[in-house]
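The structure appears right after this line, and notes come after that.
The values are calculated or read from the model by the stated rules, or taken from the named source; none is laboratory data. Owing to the predicted nature of the structure, the values given are computational and were not obtained by experimental measurement. Please note: Cβ atoms are built from the backbone with ideal geometry, for glycine as well, and neighbour counts cover all protein chains shown. Calculation scope for accessible area: heavy atoms of the full protein, side chains included, ligands and nucleic acids excluded. Shrake-Rupley method; radii C 1.70, N 1.55, O 1.52, S 1.80 Å.
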Amino acid sequence: MPTNVCVGILLCYCIIIIIIIIPMNNMIFVFVVFTDCPGPESDSAGKSDACEGCPNQQICATAPKGPDPDMVAIAERMATVKHKILVLSGKGGVGKSTFSAQLAFALAARDFQVGLLDIDICGPSIPKMLGLEGQEIHQSNLGWSPVYVESNLGVMSIGFMLPNPDEAVIWRGPRKNGLIKQFLKDVYWGELDFLIVDAPPGTSDEHISIVQCLDAANVDGAIIVTTPQQVSLIDVKKEVNFCKKVGVKVLGVVENMSGLSQPISNLKFMKITDDGEMKDVTEWISEYMREKAPEMLNLIACSEVFDSSGGGAIKMCNEMDVPFLGKVPLDPQLCKAAEEGRSCFTDKDCVVSAPALQKIIDKLMETSGLSLTVSNGV
């Protein structure tokens, strides 16, 4: 090779690029030669001619080959689960876990076999929202046993594994990912119609792990929960794009806390006095309505809590071409049911939120074809 010929070798992902620069007759000719990398999982990794000069040659030559045995175990576990649904949110505090819990309650009430997996490692709230605080995981020869709310509703969460519920989980990504893998391969759910996965907010390690681990298990898709204001929708758009990039279908978006709604009889009325104090006049107002306008006691009072002038989740769904499932109002009775670990559907006081949630779940089942496939035993 002439002394004035320059050769450069670059490793770019799984392709080795050889760049040859030859000056000739006051001109520079650049030749780029691509040579295929056999891949780190190949039997010839680190040993083929293409590996010569690669800085990762020794690592590839000594790395274990073949498929990840954990993925094989996960695929076997998930073979008995008909439908897997992820519940995601772009931002924390939008009611994602509340929705996951009530979705699980609703499906179980329809006589489906339901599992609820909480992979929010640092903030596991599912045990409280299903009334399971203080419960522990038991192990059998079949694996870890979920904690059951009803015979057809099982739950798994790191919250069952903490010796102190106030204990902070301070883990880096690899340890979180390891626990998610363990949940998927070691928990014995038995035959399930639905596995609902409640994920932490954002698009971090846990989300990548759950998508990769369930890649061969045919995830039905993701439900994304948001609130109406732009500060939440900005992050939801990122969540939608995450799903599109990793190949997870967006089953629909739920706009939670879509205005405060409750029976007018549940409102508390206050009057500002001359000295600026707040005086409770609820009893007087209630008595006045009972005497003068009793029909008003059956009305629902509504008020916007978040600014939805930007069009809310409906506009965002239209722009990003994803389904909109519906709105759930901010209902104090739903909040109370979640705090007490109860289903809002059996609570006669959840007169605003329960019908809204039922309508969303009906739409989800219908538009995604889930009711048909489950009823037909698919």
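In segment 244-254, the qualifying residues are those that are assigned to a loop (DSSP other than H, G, I, E, B) and of a type outside the set (A, V, I, L, M, F, W, C), and the one that is nearest to Ile300 (Cα to Cα) is Lys249. If the condition is being closer than 23 Å to Phe99 by Cα, part of a helix (DSSP H, G or I) and not hydroxyl-bearing (Ser, Thr, Tyr), then segment 177-217 contributes Ile180, Phe183, Leu184, Asp205, Glu206, His207, Ile208, Ile210, Val211.
Taken residue by residue, segment 315-331 has no member that is in a helix (DSSP H, G or I) and among the aromatic types (Phe, Trp, Tyr).
Of the residues examined, Ala104 is not one that is modelled with pLDDT of 90 or more, of a type in the set (A, V, I, L, M), out of contact with any strand residue (DSSP E or B) (no Cβ under 7 Å at 6 or more places or on another chain) and more than 25 Å from Ile234 (Cα to Cα). With respect to the stated conditions, Ile314 fails to be surrounded by 12 or more Cβ atoms within 10 Å (Cβ to Cβ), farther than 30 Å from Lys238 by Cβ and in contact (Cβ under 8 Å) with a residue 24 or more places away in the chain. Only one entry of Ala79, Ala50 meets the criterion of being modelled with pLDDT under 90, farther than 18 Å from Ser157 by Cβ, small (Gly, Ala, Ser) and open to solvent by 10 Å² or more (accessible area, probe 1.4 Å), and that entry is Ala50. Every condition in (1) under 14 Å from the mean Cα position of the chain (by Cα); (2) within 18 Å of Ile360 (Cβ to Cβ); (3) modelled with pLDDT under 95 holds for Leu214 except the one numbered (2). Across segment 332-349, the qualifying residues are those that are at pLDDT below 95 and in a loop (DSSP other than H, G, I, E, B), and the one among them that is least open to solvent (accessible area, probe 1.4 Å) is Asp347.
In segment 256-301, the qualifying residues are those that are under 28 Å from Ser353 (Cα atoms), of a type in the set (Ser, Thr, Tyr) and open to solvent by less than 50 Å² (accessible area, probe 1.4 Å), and the one that is nearest to the chain's Cα centre (by Cα) is Ser258.
Quick one: count up the residues across segment 122-176 that are over 18 Å from Ile196 (Cα atoms) and outside any loop (DSSP other than H, G, I, E, B). Qualifying residue count for the region: 8. Based on this model, can you work out whether Lys238 counts as out of contact with any helix residue (DSSP H, G or I) (no Cβ under 8 Å at 6 or more places or on another chain) and free of Cβ contacts under 8 Å to residues at least 60 places away in the same chain? Spelling it out, it is not the case that Lys238 is out of contact with any helix residue (DSSP H, G or I) (no Cβ under 8 Å at 6 or more places or on another chain) and free of Cβ contacts under 8 Å to residues at least 60 places away in the same chain.
When the residues of segment 78-119 are filtered to those that are touching a residue at least 12 places away in the same chain (Cβ under 8 Å) and charged (D, E, K, R), the one that is farthest from Ile137 (Cα to Cα) is Lys91.
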